[in-house]
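The values are calculated or read from the model by the stated rules, or taken from the named source; none is laboratory data. The structure displayed is predicted, hence computed values, not measured ones. Cβ placement follows ideal geometry from the backbone for every residue including glycine, while neighbour counts extend to all protein chains displayed.
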Amino acid sequence: MPTTRYVLRRSSRAKLTHTQELELWLGVCHYGTTFASDEHRRAAWFHHRDRLMRWWGKDGKRPMGWWWYEAPEIGLRFPGSKTHERSILWETPDVLSEDERAQLEAQWRREWDRCWDDANFSYCAEPGKIYTGDEARVYHLLWADVPPALVYLWLAERERRGQVVAEATAEDEDHIGHVA
């Protein structure tokens, strides 16, 4: 027997508003939280975690929901700003995927090469504050959030290359002296 019933589609009761999504991504705004309680926010995070991580959990960054509810489980605290988030996550084992780590290292290597390839490299910290030379490189690498471990590794690599070039030059000079 045919029926005249219609299927009513109801939206999910756990649907997030745009401001709640923003709060789970960027943190609480200056107007205060949009959730009824921390438990409500926590439940919303874990209910929508996969989608939110797909959107904002990439490039060595994590949304605030991750910092609030998942980072403490591995012993991490939010650094206070997103300025050094990528290097902190890179230094923490098993947080970033291998692809994410490789992408970050490639980006940081480009920034490293950029500041060393130019003999007249300069960095403008603010209007009227322009640094040059090694001081500019330090500020640039801090701005790029290059982890200290990579800076030390690449500095050692650079020094070794300089020594190898100096040794090769001395050997070449000896060789040329013997020929003459």
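Residues that are touching an Asp or Glu at 6+ places or on another chain (Cβ under 6 Å) and either closer than 22 Å to residue 158 by Cβ or assigned to a loop (DSSP other than H, G, I, E, B) (or both): does the stretch 99-107 have at least one? First the steps, then the outcome.
Here is the first cut: in the stretch 99-107, the ones touching an Asp or Glu at 6+ places or on another chain (Cβ under 6 Å) are none.
Looking for residues that are touching an Asp or Glu at 6+ places or on another chain (Cβ under 6 Å) and either closer than 22 Å to residue 158 by Cβ or assigned to a loop (DSSP other than H, G, I, E, B) (or both), one finds none in the stretch 99-107, hence no.
Considering only the stretch 140-159, I want to know if a residue exists there that is surrounded by 11 or more Cβ atoms within 10 Å (Cβ to Cβ), touching a Cys at 6+ places or on another chain (Cβ under 6 Å), of a type outside the set (Asp, Glu) and at pLDDT 95 or above. There is at least one residue in the stretch 140-159 that is surrounded by 11 or more Cβ atoms within 10 Å (Cβ to Cβ), touching a Cys at 6+ places or on another chain (Cβ under 6 Å), of a type outside the set (Asp, Glu) and at pLDDT 95 or above.
May I ask you to list pairs of residues, at least six apart or on different chains, whose Cβ atoms are under 8 Å apart, with the first in the stretch 117-128 being exposed (fewer than 10 other Cβ atoms within 10 Å of the Cβ) and the second being not in a loop (DSSP other than H, G, I, E, B)? Final answer for the pair search is 120/132. Those residues that are surrounded by fewer than 17 Cβ atoms within 10 Å (Cβ to Cβ) and in a helix (DSSP H, G or I), I need them from the stretch 37-55; list them, please. Within the stretch 37-55, 38, 39, 40, 42, 43, 46, 47, 50, 51, 53, 54, 55 qualify. Among the numbered conditions (1) under 15 Å from the mean Cα position of the chain (by Cα); (2) among the basic types (Lys, Arg); (3) in a helix (DSSP H, G or I), the only one that residue 58 does not meet is (3). Scanning the stretch 68-87 for residues that are surrounded by fewer than 18 Cβ atoms within 10 Å (Cβ to Cβ), within 14 Å of the chain's Cα centre (by Cα), free of Cβ contacts under 8 Å to residues at least 60 places away in the same chain and part of a helix (DSSP H, G or I) yields a single hit, 82.
On the given criteria, is residue 64 closer than 30 Å to residue 17 by Cβ, touching a residue at least 24 places away in the same chain (Cβ under 8 Å), of a type in the set (A, V, I, L, M) and surrounded by 14 or more Cβ atoms within 10 Å (Cβ to Cβ)?
Details: closer than 30 Å to residue 17 by Cβ: yes; touching a residue at least 24 places away in the same chain (Cβ under 8 Å): yes; of a type in the set (A, V, I, L, M): yes; surrounded by 14 or more Cβ atoms within 10 Å (Cβ to Cβ): yes.
Considered against the rule, which asks whether it is closer than 30 Å to residue 17 by Cβ, touching a residue at least 24 places away in the same chain (Cβ under 8 Å), of a type in the set (A, V, I, L, M) and surrounded by 14 or more Cβ atoms within 10 Å (Cβ to Cβ), residue 64 comes out as yes.
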